[in-house]
Amino acid sequence: NPDFESLFKDLELDVCINASGNGSVPVSLKEPLHDFNLNVVNTIKILEAIRINNPKCRFVNLSSAAVYGNPKILPIKENSSLTPLSPYGYHKFYAEQICKEYYYLHNIEVINLRLFSVYGEHLKKQLFWDLYQKSKKAKNEVELYGTGNETRDFIYIKDLVKAINLVIQNCSFNGDAVNIASGIESPIKKVAKIFMTEVNPDLKIKFNNLVKQGDPLYWKADISYLQSLGYKNDYSVEIGLKNVVKWMKEKL
């Protein structure tokens, strides 16, 4: 039950970036109410605190590509249909609608950023974290879900921060959504091999051909709008993963 009121009452803020909430699809499937409270209820609590205490504060809502579900056409545009596959995806969609509500009904400047597959140092969950944990226990091979042909659009954390800054500097905060990604479709088997080559090249990767509930099959974002703001990728997945593995080996 966080107290957002005092934060916006005591500080005259220009921009609030909402990076809070549950970021796990599996957790949302096991505890949908918990996910709803973190991703939906807390979003409206923050917006209400802004409306009452700091109405000139602009609001950046970090949404997710999970709102798209399994798209029929790639690359995914901001106006593509929204068909979530998990409570997490639905709740991110609800939070986007709440942001629009506060823009249209209360004149709070808001924008929704649909983050695709973010990775980088300090992230202790998702694909590369799981791979690293499994590699420490494995003798010959590590197992992953799927076939390996599933794709994601990976964006490195430093590129993400740059993208957010470009949005703050250049966008109209009118309730719309913006894709935040690299615009590059990468097969899971490819990035897993790059990562494992850095961690332990002697280990093989085995795919179990099982689809995890809530996981989409193929993702590639259309980032034309983001590029029109001056965005370009500074980090390839090869360089980004080298940095991630370096951090893991040094700090963990």
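The values are calculated or read from the model by the stated rules, or taken from the named source; none is laboratory data. Quantities reported herein were computed from a predicted structural model and do not represent experimental measurements. Virtual Cβ from ideal backbone geometry, glycine too; neighbours counted across all protein chains shown. Protein only, heavy atoms only, side chains kept; ligands, DNA and RNA dropped before computing areas. Shrake-Rupley method; radii C 1.70, N 1.55, O 1.52, S 1.80 Å.
Odds and ends about this structure:
- Cα gyration tensor shape of segment 33-75, rounded if a/c is under 1.5, else prolate or oblate by comparing a/b with b/c: oblate
- Segment 1-82 shape via C-alpha gyration tensor axes, a/c threshold 1.5: oblate
- A Gaussian network model of the chain, with springs between Cα atoms under 10 Å, assigns the largest mean-square fluctuation among R58, R152, R114 to R58.
- Relative contact order computed over segment 1-98 (Cα-Cα under 8 Å; 6+ residues apart), in percent: 36 percent
- Top positive-direction residue, dipole computed over segment 52-191 with Cβ charges, set A181, F59, L127: L127
- Counting only alpha carbon atoms, the long axis of helix 157-170 and the longest principal axis of the chain meet at about 20°.
- The residues L160, L33, L82, sorted by heavy-atom accessible surface at 1.4 Å with ligands and nucleic acids left out, run L33, L82, L160 from largest to smallest.
- The chain: relative contact order as a whole-number percent, Cα under 8 Å and 6+ apart: 22 percent
- Inter-label distance, nm, simple model (7 Å from Cα along the C-beta direction), S172/E185: 3.2 nm
- When each of the peptides 117-125, 94-102 is scored by how many other beta carbons lie within 10 Å of its residues on average, the order from highest to lowest is 94-102, 117-125.
- Peptide packing: for 105-112, 8-15, the average count of neighbouring Cβ atoms within 10 Å per residue gives the ranking 105-112, 8-15, highest mean first.
- About the Cα centre, charge dipole magnitude for the chain (Lys/Arg +1, Asp/Glu -1 at Cβ), debye: 900 debye
- Calculated FRET efficiency for the pair K232/Q97, C-beta based, R₀ 35 Å, to 0.05: 0.65
- The fraction of accessible area contributed by carbon and sulfur in the chain is 51 percent, rounded to a whole number (1.4 Å probe; ligands and nucleic acids excluded).
- Order by protection proxy (mean Cβ within 10 Å, highest first), peptides 197-204, 176-183, 50-57: 176-183, 50-57, 197-204
- Per-pair calculated FRET efficiency, R0 = 41 Å: I17 and N79 via Cβ, rounded to 0.05: 0.95
- Rounded to the nearest 20 debye, dipole of segment 67-128 from Cβ charges on Lys, Arg, Asp, Glu: 260 debye
- Computed over neighbours whose Cβ is under 14 Å from that of W247, the net charge equals +3, Lys and Arg +1, Asp and Glu -1.
- Whether the chain is rounded, prolate or oblate, judged on the alpha carbon gyration tensor where a/c under 1.5 counts as rounded: prolate
- A 1.4 Å probe over all protein chains sorts L38, L241 by accessible area into L38, L241, starting with the largest.
- Residue among L144, I157, P216 farthest towards the positive dipole end of segment 117-252, charges placed on Cβ: L144
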